[in-house]
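S.K.: Dropping the structure in here first, questions after.
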Amino acid sequence: MRRRHIGAGIGLALGAFGLQIPVAAADDSDVRIYPWNAAPGSTVTVSTSACDPDADYGKGRSEVGGDFHLFAGDEEGELTGEFQIPEGARAGSDTVTLKCPPLTKVTETYQVTGHSPEGSVDAGFGPAGDSGGVGLAVGGGVLATAAGGGLVLMRRRPDDVRA
């Protein structure tokens, strides 16, 4: 009776381990997307080693960027493709689906970020579009005055200081 319980426990453990193997084989970690956080207007590069090592062509589809082609990459057994994120794309996640022979299909998700900041920022001193001429002159004057005051204090001797 005791051996039957041990056998059942071993069988359950092996069965649970066996269920994990298909999940590991279907893992999409063979897909690399660069940049992972892409802004509208940027080019996204997708590489995969999930295809047959002899495959030299595949197809890809981005929900945001549309269809693109995969060709042999820099490394053996790797296919690489590129697409551009449209300027009007909204921030959020985008799913990329790759298909290549023989009947391989993998997906991966990455993030589309907002637009990169452009131009100057209004920090409270002059207009935001100001080239900084006045601010630079005033800042330089303040630094020169501070440096000059420090030199005067350094030139005094300790016996000149009165308590």
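S.K.: For region 73-117, which residues satisfy the criterion of being open to solvent by 70 Å² or more (accessible area, probe 1.4 Å) and in a strand (DSSP E or B)?
M.R.: Within region 73-117, Glu82, Gln84, Ser93, Lys99, Lys105, Gln111 meet the criteria.
S.K.: Anything in region 50-72 that is open to solvent by 40 Å² or more (accessible area, probe 1.4 Å) and over 20 Å from the mean Cα position of the chain (by Cα)? List them, or say none.
M.R.: Residues satisfying the conditions are Asp52, Pro53, Asp54, Asp56, Tyr57, Lys59, Asp67, His69, Phe71, Ala72.
The values are calculated or read from the model by the stated rules, or taken from the named source; none is laboratory data. These numbers come from a predicted model, not from an experiment. The area values use the complete protein model at the heavy-atom level, side chains included, leaving out ligands, DNA and RNA. Shrake-Rupley method; radii C 1.70, N 1.55, O 1.52, S 1.80 Å.
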